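What follows is a set of notes on a single structure, which appears directly below.
Derivation of every value follows stated rules applied to the coordinates shown; laboratory data play no part. Here the structure is a predicted model, which is why all the values come from computation and not from measurement. Methodologically, a virtual Cβ is constructed for each residue, glycine included, from the backbone with ideal geometry; neighbour enumeration extends over all protein chains shown.
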Amino acid sequence: MSALNFAAFSFLTIVLFIAAVMDIRIHKIPNWLTYPAVIIAIVGHTWSGGWGGFLFSVQGTALGLAILFVPYLTGGMGAGDAKLLAAVGGILGPGGVLTAFLFTALVGGIYAMILLGVRGYLTHALRQAAGFLKTFLLTGTLVLPAAPKRRRGLELYYGFAIALGTFVSVSWKNLI
């Protein structure tokens, strides 16, 4: 691992650790973390790679933000989560943020299933999904189940999932 890669990995680790802890403790990923992370990523890549480094970081930032923009607009994700993935994109670039998001989605899905199981809602959720699928296969129409009432204790801290998914993706890339 070169000095730049080590520095970028160290910076990414610090940002993700703080974001995960903040998300779990106060249920927010603060702007004072995400905005400077994006700026430092862009400046660092520009300094080390010139115009190509600038484009690499800006494209990664834009893609990271774009990936979670619609879930944010629909209320399924917080703005801090979208900005955190933008920061990840600024550091890892477009290919890296896409891989990080895919692993994040996998980690987030496992995390959600574990949370549902621990809280005792997994069976209900699986029955609803089966009913939705059955209706779609038999009628060809999408009939969404009624939105569940907001239940206390079912908060999914996606900053944690982004952190873990990103670490897994970076480790995966370094192993291959």
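At a Förster radius of 25 Å, what calculated FRET efficiency corresponds to the Cβ-Cβ distance of residue 128 and residue 21, to the nearest 0.05? If you can, show how the numbers build up before the last one.
On the way: r = 33 Å, r/R0 = 1.31.
Step by step, r from the Cβ atoms, then E = 0.15.
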Please name whichever of 66, 51, 94 sits farthest to the positive end of the charge dipole of segment 21-176, dipole taken about the Cα centre and charges placed at Cβ: Lys and Arg +1, Asp and Glu -1. 66
Computed FRET efficiency, Cβ-Cβ of residue 9 and residue 73, R0 35 Å: what is it to the nearest 0.05? 0.65
